[in-house]
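Read through the structure below, which is laid out as structure tokens, and then see the notes.
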Amino acid sequence: MTSAPPYASLYENDPVYQMAVKQLREAASILGLPDEVVEVLRHPEKLVQVKIVIRRDNGKVETFLGWRSQHNSALGPYKGGIRYAPTVTPGEVVALSMWMTWKNSLAGIPYGGGKGGIRVDPKALSQRELEELSRKYFAALARDVDPDVDIPAPDVNTNPQIMAWYYDEYVKITGRPSYAWGVVTAKPADVGGLNARVVSTGYGVALMAREAAKKLFGGLEGRTVAVHGFGNVGIYTAKYLAEWGATVVAVSDSKGYVYNPKGLNIDKVIEVKEKTGAVTNYREGDVKVSNNHMELLELPVDILVPAAIENVITMENVERVKAKLIVEGANGPTTPEAEKVLHQRGAVIVPDILANAGGVTMSWIEWANNRMGNIMTDQEALERLDRIMTQNFHRVFDEWQKKYSTYPMRMAAYVIAIDRVVRAMKLRGWI
Ligand code: GLU
């Protein structure tokens with residue numbers, strides 16, 4: 001009999017975790033996987049919890065909690081980002097690490113899945129406090145991460161600067177700078193990174209929208225797009241889609257959204273966001289401004305890109321979502337119930353584990369580059385990414401149409417991804 005690990009109580013009741021397990025169970029039943037295998041797959045191989053104590057600028061000592069979930073290593077070292085947010089829970093981190101296992105498997109890269117997070121509001125910290133927190137978190141994880149074991153990267157509210165601090169902390173511990181390059185990806189270009197990593201997740205989301213638009217509308221030209229979330233993923237998705245002929249009519253951040261049915265000047269919106277911190281300060285033409293970012297999801301557009309956080313398309317608003325094509329830039333933005341409603345209506349959802357795999361795939365290129373002495377250019381890396389992701393899109397789309405079209409497209413992606421993980425586990429004698 002398989003029993004849950006003692007730490008399962010840390011995550012089992014979390015709604016995001018339960019959503020991830022629900023998706024796993026559905027795919028497992030299509031694959032005919034026995035319950036005992038689902039039991040193995042639904043728990044992480046290891047869950048690390050760390051206490052991080054820092055001194056605030058006001059002299060006071062403050063404690064934060066952080067986690068790293070190492071979900072599955074059948075296909076290689078754990079790989080996935082680290083997020084900083086006041087809402088982070090171990091359940092969310094475990095769910096996201098499971099999604100990384102499927103994402104990396106589907107991408108065909110030699111990685112298992114992992115994810116980390118700190119429960120903190122990074123906007124409330126000074127740059128110095130942020131550095132101390134980041135260094136201490138990574139030092140606390142030093143025995144669990146390694147270029148051959150677990151390779152973190154950015155996620156929500158983390159960035160290349162933080163990766164540089166992680167790298168530096170790790171070099172201090174190992175004393176081996178060259179070996180340590182590969183311990184973290186999405187580093188700044190001057191510290192072993194690739195500039196292409198910065199644009200890669202959004203670039204990949206735009207690639208997936210391009211390929212799906214060919215299938216649904218004959219191409220991107222003239223199609224209207226709304227992008228929910230204007231962080232690293234949303235910004236570059238909007239930029240590339242506008243460059244490739246789509247009309248980006250709306251973008252949002254936590255403070256609200258801007259909408260112009262004739263299209264937004266994306267370079268200008270990026271400038272406004274960088275200067276003022278909010279897209280809602282953009283004023284050009286007949287732009288409509290609202291402080292309720294959730295309403296963006298309901299705009300009459302052809303393509304909707306949720307690129308912020310999980311759980312934004314739910315039973316509460318799905319009836320009002322009008323887009324025919326949804327491309328998931330964020331991880332887990334659509335609940336399984338809402339997805340069924342959209343599928344029945346004929347909408348196509350390119351699932352997160354396919355749509356936003358550009359980031360981690362570029363991370364793999366960076367990591368491989370680091371191990372070979374940095375031999376690839378940004379241009380070569382982006383071309384490689386385009387080839388890999390375009391090929392993967394068509395493999396999933398064709399398989400979906402051929403065998404699983406009664407289900408949302410996500411199920412085809414899950415079946416391919418989980419099957420690969422399970423085959424590796426069998427070959428290695430784990431199950
Ligand atoms: N955080 C990103 C994701 O969710 C990237 C992970 C990585 O590059 O390892 O896929």
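One table, with the values for the structure above:
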{"item": "Per-bin percent of Cα-Cα distances, segment 145-302 [5 Å]", "result": "2, 9, 16, 17, 15, 12, 10, 9, 6, 3, 1, 0"}
{"item": "Diffusion coefficient, µm² s⁻¹, Stokes-Einstein with Kirkwood Rh over alpha-carbon pairs of segment 157-249 at 25 °C and 0.890 mPa s", "result": "164 µm²/s"}
{"item": "Check: the chain dipole with +1 on Lys, Arg Cβ and -1 on Asp, Glu Cβ, in debye", "result": "260 debye"}
{"item": "Convex hull (Cα only) mean projected area of segment 320-431, reported in nm² to one decimal", "result": "9.3 nm²"}
{"item": "Radius ratio Rg over Rh of segment 272-348, counting only Cα atoms, Kirkwood formula for Rh", "result": "1.02"}
{"item": "Segment 33-67-segment 71-142 distance, computed between alpha-carbon centres (Å)", "result": "9 Å"}
{"item": "Sum of -39500 (n - 2.57) over DSSP H runs of 4+, divided by residues of the chain (222 nm, nearest 500)", "result": "-14500 deg cm²/dmol"}
{"item": "Kirkwood Rh (inverse of mean 1/r, distinct Cα pairs), segment 74-205, angstrom", "result": "15.0 Å"}
{"item": "Segment 54-139 - Kirkwood radius from inverse mean 1/r over Cα pairs (Å)", "result": "13.7 Å"}
{"item": "Relative contact order (percent, whole number), the chain, Cα cutoff 8 Å, 6+ residue spacing", "result": "15 percent"}
{"item": "Amide H contacts of residue 224 (H built 1.01 Å from N, under 5 Å, at least 5 apart or other chain)", "result": "247, 302, 303"}
{"item": "Qualifying trypsin sites (Lys or Arg not before Pro) in segment 272-301, DSSP loop, other Cβ atoms within 10 Å at most 14", "result": "283"}
{"item": "Segment 233-289: GluC sites (Glu not before Pro) in DSSP coil with no more than 16 other Cβ atoms inside 10 Å", "result": "284"}
{"item": "Whole-angstrom Cα spans of segment 1-147 along principal axes, big to small", "result": "58, 31, 25"}
{"item": "Full-extension gain in nm, residue 315 to residue 267, via 0.36 nm per residue minus C-alpha separation", "result": "13.9 nm"}
{"item": "Volume in Å³ per residue [convex hull over Cα atoms, computed for the chain]", "result": "140 Å³"}
{"item": "Projected area averaged over orientations for segment 316-381, convex hull of C-alpha atoms, nm²", "result": "5.7 nm²"}
{"item": "Anchor residue 79: lysines whose Cα lies under 29 Å away (excluding residues fewer than 8 positions away in-chain)", "result": "22, 46, 51, 103, 115, 123, 136, 172, 187, 239, 426"}
{"item": "Rg over Rh, two decimals, segment 345-398 (C-alpha only, Kirkwood Rh)", "result": "1.10"}
{"item": "Cα-centred dipole magnitude for segment 1-64, charges only on beta-carbon of K, R (+1) and D, E (-1), debye, nearest 20", "result": "420 debye"}
{"item": "Phi to ³J(HN,Hα) by Karplus 6.51 cos²θ - 1.76 cosθ + 1.60 over segment 144-153, Hz, x for Gly, Pro", "result": "10, 9, 4, x, 9, 10, 8, 10, x, 6"}
{"item": "Derived scalar couplings ³J(HN,Hα) [segment 275-287; Karplus, 6.51 cos²θ - 1.76 cosθ + 1.60; whole Hz; x for Gly, Pro]", "result": "6, 10, x, 8, 5, 5, 8, 6, 9, 7, x, 8, 7"}
{"item": "Cα gyration tensor shape of segment 252-397, rounded if a/c is under 1.5, else prolate or oblate by comparing a/b with b/c", "result": "oblate"}
{"item": "Descending Cα extents along the principal axes, segment 245-295, whole Å", "result": "26, 24, 17"}
{"item": "Length added when fully stretched, residue 403-residue 289, from 0.36 nm per residue minus Cα-Cα", "result": "36.7 nm"}
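No value in this document is a laboratory result; all are computed from the given coordinates. Computed from a predicted model, the values in this text were never measured in an experiment. We place every Cβ from the backbone using ideal geometry, glycine too, and count neighbours over all the protein chains shown.
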